[in-house]
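Visitor: Pasting a structure below so you can have a look.
Here, each number is a calculation from the coordinates, and none is a lab measurement. From a predicted model like this one, the values you see are computed outputs, not experimental measurements. Here Cβ is always computed from backbone atoms with ideal geometry, including for glycine, and neighbour counts include all displayed protein chains.
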Amino acid sequence: MATPAQWIEGARLRTLPMALAPVLAGSAAAQALHSFGPVRALLALLVALLLQIGVNYANDYSDGVKGTDDHRVGPLRLTGSGAARPGQVKAAALVCFGLAAVAGAALVVLSRQWWFIPVGLSAVLAAWGYTGGRVPYGYLGLGDVFVFVYFGLVAVLGTTLTQAGTLNLEAWIGALSTGLIACALLMANNIRDLPTDREVGKRTLAVRLGDPMARVVFAAEIAVALLLVLFLVPYNPWMLIVLLLVPMALPPIATVLRVQDRRQLIPVLKQCGVLNVGWAVLFALAVLLRQWL
């Protein structure tokens, strides 16, 4: 297997925010229904985190063996750089998916939400099929759909359902907002890699849209994600505190809209991750303030 240092490099700083934000938002929605369950929340976080790490390894392996990462602008990839053998990276991905399945099974048993079993299996298959297999849908411009569905809708709504057994408007807004910010992170990543992706035939959504429009879509995804909380303000005025994130959102938007040196887009990935967690934290705080005050 890869060394611990290589595993850490493969996980990236954006992994935890992508997993933590939707689970925190979904748990906040469950708390709004007075049904927060810490054990189930922890299990949901383990599932999301292990799936995200597994996706990173699976993408690293598949892109590496296809030669997509031979001239990469962004951070080091294990397979493409030769830091680890392809078989090691593939094994790491499969181990993460297996552990995610175990945590998911425990969550299903505790919550008795049996419908989550096929959803969980579809998440693993979708994670592998993103860049793996004969027809990887990430190469067809559908990767953003995967991210929005599984790291937005499924992660948030599933977290709420496994704790509360039902959904509320908070859960839907949380799913849409965190999903859009996750899509913005992916869009920034794909804008950075746009020239090399185009050369190797990887037609991400950024490639399909073209450079200028992809940058506009990134800004729109961040803006809509922040403004969606306005639908909750009539029921909970404290939701306005989420808009305190607007100053934090402006730098990554300005960077994506203006810079031409694609290496300068690398920090935007971390900024989007921090923004996603910040959104979820303030969202949860707004729920608690409404109940406490």
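Visitor: Can you give me the Rg/Rh ratio for region 180-269, using Cα atoms for both radii and the Kirkwood formula for Rh?
Guide: 1.07
Visitor: If Lys and Arg each add +1 and Asp and Glu each add -1, what is the summed charge of the other residues whose beta carbon sits under 14 Å from the beta carbon of Ser27? Write down the numbers at each step before the final one.
Guide: On the way: positive: Arg40; negative: Glu170.
Every neighbour counted, the sum reads 0.
Visitor: Using per-residue counts of other Cβ atoms within 10 Å, averaged over each peptide, order 181-189, 217-225 from highest down.
Guide: 181-189, 217-225
Visitor: Can you give the log10 of the normalised intensity I(q)/I(0) at q = 0.07, 0.11, 0.15 Å⁻¹, computed with Debye over equal Cα scatterers of region 7-288?
Guide: Each listed q maps to, in turn, -0.24, -0.60, -1.10.
Visitor: Given contacts defined as C-alpha pairs under 8 Å and at least six residues apart, what's the relative contact order of region 231-293, whole-number percent?
Guide: Relative contact order of region 231-293: 50 percent.
Visitor: Using alpha-carbon pairs under 8 Å, 6+ residues apart, how would you state the relative contact order of region 7-288 in percent?
Guide: Averaging sequence separation for qualifying contacts and normalising by length gives 25 percent for region 7-288.
Visitor: Once R0 is set to 22 Å, what does the formula 1/(1 + (r/R0)^6) return for the Cβ-Cβ distance between Asp261 and Ala220, expressed as a FRET efficiency to the nearest 0.05?
Guide: That gives a FRET efficiency of 0.45.
Visitor: Would you mind getting me the FRET efficiency between Ala91 and Asn168? Use the beta-carbon distance for r and R0 = 35 Å, nearest 0.05.
Guide: Efficiency at R0 = 35 Å is approximately 0.30.
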